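A quick write-up on the structure given underneath.
The values are calculated or read from the model by the stated rules, or taken from the named source; none is laboratory data. Predicted, not measured: the structure shown is a model, and the values here were computed from it. Here Cβ is always computed from backbone atoms with ideal geometry, including for glycine, and neighbour counts include all displayed protein chains. With ligands, DNA and RNA removed, areas are computed over all heavy atoms of the protein, side chains included. Shrake-Rupley method; radii C 1.70, N 1.55, O 1.52, S 1.80 Å.
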Amino acid sequence: MRIALLAAALLPAPVAAQDNTPIVVIGQRDIEQQIESFVGALTKTSPRGQIGRFETAVCPAAFGMADAQRAAVRDRIRAVAQGVGLDVGAADCTPNLLVVVAGDKTAFIKALGKDHNYMFGDRTPAQVRKIVAEPGPATAWQVQTIVNADGRPIMNEGDLAINRSTRNPSRIAPPARPTFVAAVVVIEGAALEGLTTTQLADYAAMRTLARIEPARIDAAAPATILRILDAAADSEVPVTLTQWDFSFLKGLYSIPNNLYAPSQRSEIGRAMEQELDRSDGGGAPRPGAARLGEGMTTDDGKR
């Protein structure tokens with residue numbers, strides 16, 4: 001069973017009678033390099049591309065688990081979204097952020113593509129097959145649209161996309177940008193054994209609020225909730241979003257929307273540095289954010 005990683009800073013440390021171990025001080029430059037590497041791994045986008053995000057209210061919903069757990073996952077994602085600066089829909093909103101726990105991830109996504117192909121947006125059949133073939137216990141994708149510099153949808157007239165905007169053309173600011181209109185994450189129930197609804201919700205928040213490929217994260221990177229599904233059974237994992245996870249999302253949702261990817265990464269990194277400075281210690285989970293409980297139970301009763 002996975003072992004929850006507790007915030008050691010909250011516990012009194014034993015006093016050693018005599019300890020001559022050298023003290024290693026991590027310099028500011030080291031932190032900046034860690035942030036640059038972390039942001040780079042989580043934002044795979046071409047230099048002239050842009051990092052997408054939600055610009056409208058999110059409405060999370062969870063499926064494939066007991067009712068109480070569905071509600072806990074939904075409410076937790078709502079809290080995370082609000083915490084990073086996103087608007088959240090009313091209680092009766094139409095879901096646009098879906099968390100699905102399935103017995104067989106691949107089979108579920110195949111069935112979704114056959115019976116509800118609109119869930120993949122305007123992806124081609126080949127692009128949908130690529131999603132189906134993604135390895136690992138979880139797969140996530142976003143449905144996006146393109147808006148102009150004013151934030152209005154770009155309309156098609158015949159075969160042409162017409163960008164009507166009040167902004168003056170610029171070589172350094174993009175005339176249009178991608179924005180998420182929906183997001184889905186599908187996770188196999190067997191991978192959730194020993195985890196809590198908070199851990200599931202926080203993992204799902206990272207995978208849906210940002211387009212992320214967890215496999216790109218370096219093994220030496222700071223602690224992140226993104227590792228919980230692939231961690232060994234006896235390893236330590238975060239009980240909630242780490243400060244690095246939270247500061248990344250907060251940075252993503254606080255930067256200007258008229259930038260290209262390299263500038264977006266720089267702004268996210270700058271926001272992360274400020275957030276981590278305020279939190280005093282990047283790797284530990286946010287105090288008070290964890291809600292420990294029983295292990296996840298899927299609809300078939302398995303844990």
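Just a few scattered comments:
- Applying the set (1) buried (at least 19 other Cβ atoms within 10 Å of the Cβ); (2) touching a helix residue (DSSP H, G or I) at 6+ places or on another chain (Cβ under 9 Å) to Asp75 leaves exactly one unmet item: (1).
- Total residues in region 166-211 satisfying the condition of being under 21 Å from Gln264 (Cα atoms), open to solvent by less than 70 Å² (accessible area, probe 1.4 Å) and modelled with pLDDT under 95: the figure is 7.
- Failed item, numbered, when Ala61 is tested on (1) open to solvent by less than 60 Å² (accessible area, probe 1.4 Å); (2) farther than 13 Å from Leu200 by Cβ; (3) modelled with pLDDT of 95 or more; (4) outside any strand (DSSP E or B): (4)
- The residues of region 262-272 that are closer than 13 Å to Ala41 by Cα and either hydrophobic (A, V, I, L, M, F, W, C) or outside any helix (DSSP H, G or I) (or both) amount to a single one, Ile268.
- Annotation: of all residues in region 134-154 being out of contact with any strand residue (DSSP E or B) (no Cβ under 7 Å at 6 or more places or on another chain) and within 21 Å of Ala204 (Cβ to Cβ), the one that is surrounded by the fewest Cβ atoms within 10 Å (Cβ to Cβ) is Pro135.
- Of all residues in region 90-145, those being touching a residue at least 40 places away in the same chain (Cβ under 8 Å), polar (S, T, N, Q) and either part of a loop (DSSP other than H, G, I, E, B) or out of contact with any Ser or Thr (no Cβ under 8 Å at 6 or more places or on another chain) (or both) number 2.
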